[in-house]
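Below is one structure, written out as C-alpha cells, with a few remarks after it.
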Amino acid sequence: MANSYLDMFSLEGKTALVTGANTGLGQGVCVAYAQAGANVIGVARRSCQETAEKIAAVSGRFEEIRADLSDFSVIPRIVTEANAAFGRVDILFNNAGIIKRCDAAEVTEEDWDAVITVNQKMVFFLSQAFAREWMQDQKGGKIINIASMLSFQGGIRVPSYAASKSAVVGITRALANEWSGHHINVNAIAPGYMATNNTANLRSDDQRSEEILSRIPAGRWGTPEDLMGAAIFLASEASSYVNGFTLAVDGGWLAR
Ligand code: NAP
C-alpha cells in the first residue's frame with residue numbers, strides 16, 4: 001500500500017507494454033508511463049525510434065518489440081520478449097487499432113476482417129496471453145483497452161470500426177468479471193475526437209470537421225496529452241477497485 005494517496009499513482013517498479021507505440025495515442029501513453037516511473041515496452045509494426053527518443057529525453061527505460069498485430073502467431077514471441085526485457089509485465093495497454101471509412105453498402109469482407117482482427121480479436125487474445133501468466137504467478141496486473149465514442153454510437157461510414165469498438169467494451173466487462181478476483185483490473189478508455197493519424201481524413205473534410213467540432217462541449221479536438229491522466233490512473237494502484245469500466249475522455253461529447 002502506498003504511503004500517500006498521491007504515491008498511489010506512481011508506476012515506479014512496474015513494466016508496461018503498449019501496442020501501437022510508434023505514434024499517436026500509443027506513443028503518448030509510452031512517454032506518460034515512463035514519466036510515471038514504469039519500464040516501457042512498445043509493440044509496433046514499424047520503428048519506435050521517435051518514441052524511444054522521447055522516453056530517453058525524460059530518462060525513461062524503453063524496449064521495442066517489432067510485430068504485426070494482424071497475425072496471431074506473434075503473441076507467444078511478444079510474451080517471451082516482453083518478459084525477457086524487464087522481467088515481468090504488469091500493465092498491458094491495448095492501443096493499436098485501425099479504421100476503414102466506407103459506405104456500409106460497399107464494405108468488403110477483407111476490410112471488415114482486417115478491422116475486427118486488430119481492434120477486437122487481438123485485444124482479447126493478447127489480454128488472454130498476459131492474464132494466463134498473471135493468474136499463474138498470482139501477482140495481478142492491469143489491462144487497459146482503447147475503446148471509442150463508437151463504442152456507444154454508430155458513427156458514419158465506419159461500421160466495422162463501430163462493431164469492433166463496441167466489442168471492446170463488452171470484452172472489457174467480460175474479462176473483468178472473470179479476472180478481477182485474480183487481482184487483474186480490466187478497464188477501457190474511450191477517447192473522444194483526438195487529433196492523430198486516426199482522424200486525419202476526418203479533420204481534412206471541412207464539413208465533417210466542422211460538424212464534429214461544433215458538437216464537442218469543450219470546443220476543441222482532444223490531444224494525446226488529454227488522455228494521460230486516465231491512462232496513468234487505470235494503470236496504477238489508485239484504480240485497484242475499478243473493474244470493467246470504460247472511462248470516456250471526450251471533452252463532453254457523450255454528455256451531449
Ligand atoms: P494512429 O496514430 O493511427 O495509431 C494507431 C496505432 O496502431 C499505430 O501505432 C499503428 O501502427 C498501430 N497499428 C495498427 N495496425 C497495426 C498492426 N497490424 N500491427 C501493429 N500496429 C498496428 O491513431 P491513434 O488515434 O493514436 O489510435 C490509437 C487508438 O486509439 C486506436 O485503437 C484508435 O482506434 C483509438 N481511438 C482514436 C481516436 C482518435 O480520435 N484519434 C478516438 C477513439 C479511439 P502504424 O503507424 O504502423 O499504422
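Is it the case, given these coordinates, that S180 is assigned to a helix (DSSP H, G or I) and either in contact with an Asp or Glu (Cβ under 8 Å, 6 or more places away or on another chain) or at positive phi (or both)? First the steps, then the outcome.
Working: assigned to a helix (DSSP H, G or I): yes; either in contact with an Asp or Glu (Cβ under 8 Å, 6 or more places away or on another chain) or at positive phi (or both): no.
No.
One residue stands out in segment 169-195 among those that are surrounded by fewer than 20 Cβ atoms within 10 Å (Cβ to Cβ) and within 15 Å of the ligand (Cβ to nearest atom): the one that is farthest from P217 (Cα to Cα), namely V169. Scanning segment 53-101 for residues that are part of a strand (DSSP E or B), within 16 Å of the ligand (Cβ to nearest atom) and among the hydrophobic types (A, V, I, L, M, F, W, C) yields F62, I65, L92, F93.
Determine whether segment 52-63 contains at least one residue that is touching a strand residue (DSSP E or B) at 6+ places or on another chain (Cβ under 8 Å), under 26 Å from I99 (Cα atoms) and of a type outside the set (A, V, I, L, M).
Our first condition is that a residue be touching a strand residue (DSSP E or B) at 6+ places or on another chain (Cβ under 8 Å); within segment 52-63, this holds for 52, 55-56, 60-63.
Subsequent filtering for residues that are under 26 Å from I99 (Cα atoms) retains 52.
Filter again for of a type outside the set (A, V, I, L, M), leaving none.
No, that holds for no residue.
Of everything listed in (1) in a loop (DSSP other than H, G, I, E, B); (2) in contact (Cβ under 8 Å) with a residue 40 or more places away in the chain; (3) within 12 Å of the ligand (Cβ to nearest atom); (4) not aliphatic (A, V, I, L, M), the single unmet condition for G155 is (2).
Of the helices (runs of 4 or more DSSP H) contained entirely in segment 196-243, those carrying at least 1 residues that are more than 16 Å from the ligand (Cβ to nearest atom) fall at 206-215, 224-235.
Residues in segment 1-42 that are of a type in the set (G, A, S) and either without any contact (Cβ under 8 Å) to a residue 24 or more places away in the chain or away from the ligand (no atom under 14 Å from the Cβ) (or both): A2, S4, S10, G13, A16, A34, A36, G37, A38.
Residues of segment 109-150 that are closer than 19 Å to D68 by Cβ, surrounded by fewer than 20 Cβ atoms within 10 Å (Cβ to Cβ), in contact (Cβ under 8 Å) with a residue 24 or more places away in the chain and not aliphatic (A, V, I, L, M): D111, W112, T117, K121, F124, F125.
Laboratory data are not the source of any read-out in this text; all were calculated from the coordinates shown. From a predicted model like this one, the values you see are computed outputs, not experimental measurements. In this analysis, Cβ positions are derived from the backbone assuming ideal geometry, glycine residues included, and neighbour counts consider all displayed protein chains.
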